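In what follows, a single structure is set out as structure tokens and then discussed.
The values are calculated or read from the model by the stated rules, or taken from the named source; none is laboratory data. For clarity, every value in this text was computed on a predicted model and none was experimentally measured. Glycine also receives a Cβ, built like all others from the backbone with ideal geometry; neighbour counts cover every protein chain displayed.
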Amino acid sequence: MIRPALFSVAAFAVLATAACAPVIEGGPPLDLPPGLAETASIGTITLSTGWLQAEDDVGETFMEEVGEEMRTCAYGTWPLDLRLHIEDIDREGRLTMAVRGHGTHYARGTAELVDPRSGTVVGRYPLEVEVDAGGRVAGLFGDRQMIVAEAFGRALCDAAFSRNPRRPGPHNATRG
């Protein structure tokens, strides 16, 4: 008979390692077929990460912000699911921003677009983004996860759908 405490520890260990397993299949980059890029919309978003020590709201913020960007660039009627695996993320520290007054946030990962009917990966995009962390005030009080997640979502919009979902201006950290 397994003792309740030992069972709880074992169950937690299994769940902790399962949560970090990539949700993506992996493989070489794969562009969406042109017709699908024009008609796709995003349904379910699934996220995995490559690290154990992540702030609690990273996953929730990443899926929410990337989903918001996807709604502005993938507005068709053909539903696709999005699998994200974030391998590395680095947010500029608040103390560094207070002292230097500038810095960057960085994220690297892979996005797979999947046809939910067949489970087939129809698009795969390795992405790497670096975005300005803002000045002292933004660096101290801004939502660092939100800033880097939005940049990641915009990079995916550009790569998969050839659309920047935001018009130029201070609300758009995407270069170009």
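Quick notes on this one:
- In the condition set (1) of a type outside the set (Gly, Ala, Ser); (2) over 22 Å from Glu38 (Cα atoms); (3) at pLDDT below 90, Pro165 is compliant with all but (2).
- Hey, Leu156 in a helix (DSSP H, G or I), at pLDDT 95 or above and surrounded by 16 or more Cβ atoms within 10 Å (Cβ to Cβ) or not: yes
- Enumeration of residues in region 85-107 that are among the charged types (D, E, K, R) and without any contact (Cβ under 8 Å) to a residue 24 or more places away in the chain: Asp90, Arg100
- Verdict on Gly123 being surrounded by 18 or more Cβ atoms within 10 Å (Cβ to Cβ) and over 29 Å from Pro79 (Cα atoms): no
Residues are listed down the side, and each one gets a yes or a no for (1) hydroxyl-bearing (Ser, Thr, Tyr); (2) over 20 Å from Pro165 (Cα atoms); (3) in contact with a Leu (Cβ under 9 Å, 6 or more places away or on another chain):
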residue	(1), (2), (3)
Gly59	no, yes, yes
Ile89	no, yes, no
Glu92	no, yes, no
Ala98	no, yes, yes
Thr110	yes, no, yes
Pro116	no, yes, yes
Val121	no, yes, yes
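- Among residues of region 20-40, those that are surrounded by 12 or more Cβ atoms within 10 Å (Cβ to Cβ) and modelled with pLDDT under 90, counted: 5
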